[in-house]
Amino acid sequence: MANTPLAGLGSGKSIIWAIVLIIFGFLAIALPFATSFGVVVVVAWLIVFSGAFQFIHAFQSQGIGSTIWKLLVAILYLIMGIYFLLHPVIGVASFTLALAFFFVAEGVIDLVAYFQSRSASGSVWILVDGIVTLILGILVWRQWPSSSLWLIGTLVGISMIMTGTTRLMIGMAARRALT
């Protein structure tokens, strides 16, 4: 039984990570401004680093057309990443809109996943996660951009709590199934 897919879900590490995710979700809700700006800063730096790697990779490309195209993409990445670092409020508003699209897509995917695995123990939590995430996506979209500063941090926190709770419940169900 140690090599079954359920063994990994019910492991102590899996349950601990789920609890950590729930705790971080509550922290994100308690500090929504910091979470919002933190998300923008981290993603902006990732975009800058990606642009730098794209720039390096462009000179390793074969052919002038490929090199020029990759240089243009690298420059776009660098400009956007630096822009978000210099103008984090605009970054928060942009990311809030992107978050709305992400939550809607995640909610739909979770609903599809539920219908594909509804006979599995604990799968109702995937349904709950999908419904809540889809509702969050719609709420973000309807409130944009007026509440961007606090909304992104709060919604990321709620999503983390729901995902952590889902993983915890599935892990506990897997642990019960293995005993």
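Quick notes on this one:
- Meets criteria (surrounded by fewer than 19 Cβ atoms within 10 Å (Cβ to Cβ) and either among the hydrophobic types (A, V, I, L, M, F, W, C) or closer than 28 Å to PHE37 by Cα (or both)) for LEU168: no
- The residues listed here are LEU97, LEU71, LEU46, LEU27; of these, the one that is among the aliphatic types (A, V, I, L, M) and more than 27 Å from GLY164 (Cβ to Cβ) is LEU71.
- For ASP129, the conditions (1) within 20 Å of the chain's Cα centre (by Cα); (2) touching a residue at least 40 places away in the same chain (Cβ under 8 Å); (3) within 17 Å of LEU21 (Cβ to Cβ) all hold with the exception of (2).
- Taken over region 136-179, the criterion of being farther than 20 Å from GLY25 by Cα and either touching a Pro at 6+ places or on another chain (Cβ under 7 Å) or part of a helix (DSSP H, G or I) (or both) is satisfied by TRP141, ARG142, GLN143, ALA173, ALA174, ARG175, ARG176, ALA177, LEU178.
- Scanning region 61-89 for residues that are farther than 17 Å from LEU46 by Cα and either surrounded by 15 or more Cβ atoms within 10 Å (Cβ to Cβ) or modelled with pLDDT of 90 or more (or both) returns THR67, LYS70, LEU71, LEU72.
- In region 81-104, residue farthest from ALA177 (Cα to Cα) [restricted to those that are of a type in the set (A, V, I, L, M) and free of Cβ contacts under 8 Å to residues at least 24 places away in the same chain]: LEU86
- Among the residues of region 108-123, those identified as assigned to a helix (DSSP H, G or I) and either among the small types (Gly, Ala, Ser) or touching a Phe, Trp or Tyr at 6+ places or on another chain (Cβ under 8 Å) (or both) are ALA113, SER117.
- Selection status of ALA18, of a type in the set (Gly, Ala, Ser), in contact with a Ser or Thr (Cβ under 7 Å, 6 or more places away or on another chain), under 30 Å from ARG175 (Cα atoms) and at pLDDT 80 or above: no
The values are calculated or read from the model by the stated rules, or taken from the named source; none is laboratory data. Everything quoted here is computed from the prediction, not taken from an experiment. Glycine also receives a Cβ, built like all others from the backbone with ideal geometry; neighbour counts cover every protein chain displayed.
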